Amino acid sequence: MLRKIAVEKVETLASALMEKGELFAPVADSAGVDFQKIDSPGDVTLDFANTLRSPKSVFFPQADDMVRYRLTSGGIETKAVPLSFESRIILGVRPCDVRSFEVMDRLFAGGGIVDPYWAERRKDTTIIGYAFDAVDPADFYTTFGIGAADQAGSDIFMVKGEGVFLLKGITERGEDLLGSITVLEDASAQDEAYFEKKIAEGAGLKTRTLATEGIAKKLEKVFESPYWIEAAAPCLNCGACTFVCPTCHCFDIQDETLFGEGARRRIWDSCMFTDFTLHTSGHNPRTKKSQRLRQRINHKFSYYMTNFDIFSCVGCGRCTRSCPVNIDIVAIVEGAATLP
Amino acid sequence: MKQIETRLREEAKRLLETGEVAVVLAYGRGYDDRHPMPYAAKTASDTERIVFNEYCTHNMARYLMDYPPGTRIAIAVKGCDSRAVVVLLQEEKINRENLVILGIPVTGMKDPKTDRVIDASTTAGTPNPVLYDILLGETVPESDASPYVVLEELEEMAGADRWTFWKKELARCIRCYACRQACPMCYCDPCFVDQAEPRWADKSPSIESNLMFHLTRFYHLAGRCVDCGECSRACPMEIPLYLFHKKVAKECEEMFEQAAGMSVDDKPVMVDFRVEDADEILL
Amino acid sequence: MEFEPKILGIACNWCTYTGADLAGTTRVQYPHNIRVARVMCSSRINPSFIFRAFELGADGVLVGGCHPGDCHYSTGNYYARRKLAVTKKILDFAGLEPERFRVEWISASEGTRYADIVKEFTEEIKTLGPQRRFAIRKGADE
């Protein structure tokens with residue numbers, strides 16, 4: 001089904017969605033627009049190009065308690081954090097970010113060991129995708145066959161039209177939710193045609209592309225190239241790129257205790273950090289930033305493809321936009337791809 | 001700026017051709033004109049890729065420590081950047097004889113995120129390099145604008161309101177360490193925050209851990225921060241770190257009558273003392 | 001129940017700590033809220049100790065060192081004076097009540113003065129109430 005709501009009524013929509021589950025949606029703050037858990041429906045904005053950080057923290061929070069514990073005179077009391085989550089809805093996910101969930105699913109939930117912290121959150125979440133209506137110079141999602149108005153992967157897909165948001169049910173879950181929101185109006189046949197027009201427009205929006213033919217093998221081949229030293233020269237080794245990225249998923253597990261109470265928690269790590277692969281022995285196989293940058297690129301464009309048959313990148317352009325020294329991931333990969 | 005770019009390329013080429021330096025730290029083109037990148041030219045032909053425009057805000061002093069001691073380096077520095085070089089010289093992290101400092105006197109630099117002109121409200125506002133071997137342009141008139149006027153609003157607030165402000169800002173920190181990594185003076189290996197024993201701060205970005213990281217970092221940079229603003233421009237969450245660094249710089253200048261990075265012969269204020277320092281500074 | 005503040009005292013071995021000892025041996029009474037950590041010299045104090053103390057819930061921090069000019073190591077307290085002054089400015093700018101952090105020069109012979117200062121400081125902290133700004137984990141102001 002196709003339903004609609006006036007552009008000015010975002011708050012009403014948000015409010016209605018909040019009655020159906022925990023709502024995660026874009027909110028404007030001093031740094032830009034970012035996904036947050038919504039407490040106040042008026043905070044939601046759908047007026048943005050793309051969010052500063054990806055929505056991955058809905059399924060993979062930056063700090064995720066796994067076990068809570070207390071040190072007592074008798075020993076340690078532990079309590080595993082229950083893995084039951086309220087129904088969730090993410091509103092306003094761009095197609096590249098929708099694809100990122102699939103990319104991460106292959107690691108966290110695809111055969112072999114299933115990560116319950118990811119999988120349980122994924123289970124009862126409804127994704128409302130949102131078509132792009134413009135392209136940012138840093139975007140390159142066309143590379144991965146992701147269209148600006150791709151509906152695949154969303155439960156509900158939304159486009160912005162003249163003064164109206166049109167929402168289409170894609171999956172059964174999406175249809176159920178859509179049908180239950182009373183503040184939405186039913187769409188007319190005209191609206192249906194308009195929706196299709198918007199989808200076609202979106203399909204026509206192309207970003208720059210990165211040539212990825214044979215890149216996985218090529219990167220293996222050029223592993224020892226001195227290219228990486230020059231490529232990494234401007235890199236500051238902060239973690240900005242990895243933290244804004246929708247598909248970066250490296251993590252550390254730390255016991256964080258205070259006054260005898262604490263939690264074993266999973267926290268985001270970054271291959272860019274100097275101590276990323278620091279061993280307990282003191283040995284560090286990646287002391288040089290050229291090794292760490294090479295690792296990031298190889299993980300995303302080589303190893304992940306070899307292991308999971310998909311690139312660990314969706315071309316959202318966030319890393320390039322938030323890099324303090326303006327490193328462009330496309331240029332780095334192209335530079336490696338064109339090495340003799 | 002175009003003239004500066006031309007002169008920068010000329011000097012870089014000459015220095016590399018004659019072998020006077022092994023590397024020239026300057027700026028190169030990024031994915032578009034608004035996003036130049038730090039660039040290290042190593043051969044004469046590399047110098048054709050050097051650019052200079054109003055978005056070349058990066059402090060190249062950050063990269064001096066990336067090279068083995070003894071490497072002969074030419075470095076392009078704007079006003080505040082040159083002060084960072086001075087601090088590194090004061091702290092004996094680099095050798096003056098191995099440096100050729102290409103000074104760039106300039107105003108009108110812009111923040112690419114907002115296109116706003118960068119001035120004394122977010123940096124020290126030093127337009128002319130304080131130390132250089134070759135000046136790549138005409139000195140520009142020094143501004144009278146105080147770099148500390150922007151602090152008035154916070155200074156006049158009640159403590160409780162200031163705390164509300166900083167709590168809100170520091171809670172947004174995601175501990176990416178872009179600020180630390182962008183700073184030429186943050187060269188400690190290991191950094192205190194990466195140590196597990198003692199564990200000063202947790203790794204997770206809770207407000208209390210963020211507070212420990214930032215307050216300690218503000219302290220570690222006392223008398224060393226040259227107010228170049230790079231930390232704040234690097235921050236993906238746009239936390240106005242420069243406000244706190246400015247405050248600490250202002251207090252150090254008032255208490256110890258010395259500004260960071262102005263003269264190679266100065267001793268950094270926190271490793272120095274005067275018997276006449278007044279007890280009143282503790283109040 | 002009356003609020004009993006938790007006050008961290010950091011005292012230099014040669015002067016303040018000895019002065020505190022003197023207060024003890026001469027049976028001068030002063031409130032028990034202060035818990036003293038001994039350092040060999042006030043310059044050993046890492047300002048992070050102070051940030052951490054407040055983060056962990058200290059209601060007040062009192063640092064004691066030798067009078068400038070009388071440092072057992074000649075110049076230690078001159079450095080400490082600068083370090084602790086900057087620390088104070090940072091705490092103040094961050095919005096912590098300035099009265100919660102105090103630095104005093106207390107010599108080995110000033111037993112009564114040590115007690116008086118602790119008494120006064122404890123009273124002041126009692127008036128200010130529990131520290132709820134940095135002590136976020138302790139329940140704070142939310």
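The values are calculated or read from the model by the stated rules, or taken from the named source; none is laboratory data. Owing to the predicted nature of the structure, the values given are computational and were not obtained by experimental measurement. Heads up, the Cβs are rebuilt from the backbone with ideal geometry, glycines too, and the neighbour counts pull from every protein chain shown.
When C:36, C:103, C:61 are checked against the criterion of being assigned to a strand (DSSP E or B), touching a residue at least 40 places away in the same chain (Cβ under 8 Å), β-branched (Val, Ile, Thr) and over 22 Å from residue B:214 (Cα atoms), C:103 stands alone in meeting it. Scanning the range A:167-199 for residues that are over 15 Å from residue A:17 (Cα atoms), free of Cβ contacts under 8 Å to residues at least 24 places away in the same chain and either assigned to a helix (DSSP H, G or I) or not β-branched (Val, Ile, Thr) (or both) yields A:172, A:188, A:189, A:190, A:193, A:196, A:197. Hey, does the range B:186-195 have a residue that's in contact (Cβ under 8 Å) with a residue 60 or more places away in the chain, more than 7 Å from every other protein chain (Cβ to nearest Cβ) and either part of a loop (DSSP other than H, G, I, E, B) or over 23 Å from residue C:82 (Cβ atoms) (or both)? Scanning the range B:186-195 turns up at least one residue that is in contact (Cβ under 8 Å) with a residue 60 or more places away in the chain, more than 7 Å from every other protein chain (Cβ to nearest Cβ) and either part of a loop (DSSP other than H, G, I, E, B) or over 23 Å from residue C:82 (Cβ atoms) (or both).
Among the residues of the range C:64-91, those identified as in a strand (DSSP E or B) and touching a strand residue (DSSP E or B) at 6+ places or on another chain (Cβ under 6 Å) are C:64, C:65.
This table checks each residue for (1) modelled with pLDDT under 95; (2) in contact with a Leu (Cβ under 9 Å, 6 or more places away or on another chain); (3) over 20 Å from residue B:198 (Cβ atoms).
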| residue | (1), (2), (3) |
| --- | --- |
| A:235 | no, yes, yes |
| A:249 | no, yes, yes |
| A:257 | yes, yes, no |
| A:265 | no, no, no |
| A:274 | yes, no, no |
| A:277 | yes, no, yes |
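Considering the range A:186-242, the residues that are among the hydroxyl-bearing types (Ser, Thr, Tyr) and out of contact with any Pro (no Cβ under 9 Å at 6 or more places or on another chain) include one that is farthest from residue A:2 (Cα to Cα), namely A:225. Residues that are buried (at least 19 other Cβ atoms within 10 Å of the Cβ), in a helix (DSSP H, G or I) and more than 18 Å from the chain's Cα centre (by Cα) occur at least once in the range B:40-51. Restricting attention to the range B:61-80, the residues being buried (at least 24 other Cβ atoms within 10 Å of the Cβ) and either of a type in the set (Gly, Ala, Ser) or within 18 Å of residue B:12 (Cα to Cα) (or both) number 7. Only one of the listed residues (C:79, C:114) is among the hydroxyl-bearing types (Ser, Thr, Tyr), buried (at least 17 other Cβ atoms within 10 Å of the Cβ) and within 14 Å of another protein chain (Cβ to nearest Cβ). That residue is C:79.
Within the range B:101-109, one or more residues are out of contact with any Gly (no Cβ under 7 Å at 6 or more places or on another chain), small (Gly, Ala, Ser), modelled with pLDDT under 95 and not assigned by TED's automatic domain parsing to the domain that holds residue B:261.
For the range A:12-63, the tally of residues that are touching a residue at least 40 places away in the same chain (Cβ under 8 Å), under 18 Å from residue A:88 (Cα atoms) and either of a type in the set (Asp, Glu) or touching a Cys at 6+ places or on another chain (Cβ under 7 Å) (or both) stands at 2. When each of B:208, B:142 is tested for being among the acidic types (Asp, Glu) and at the interface with another protein chain (Cβ under 9 Å from one of its Cβ atoms), the lone residue that passes is B:208.
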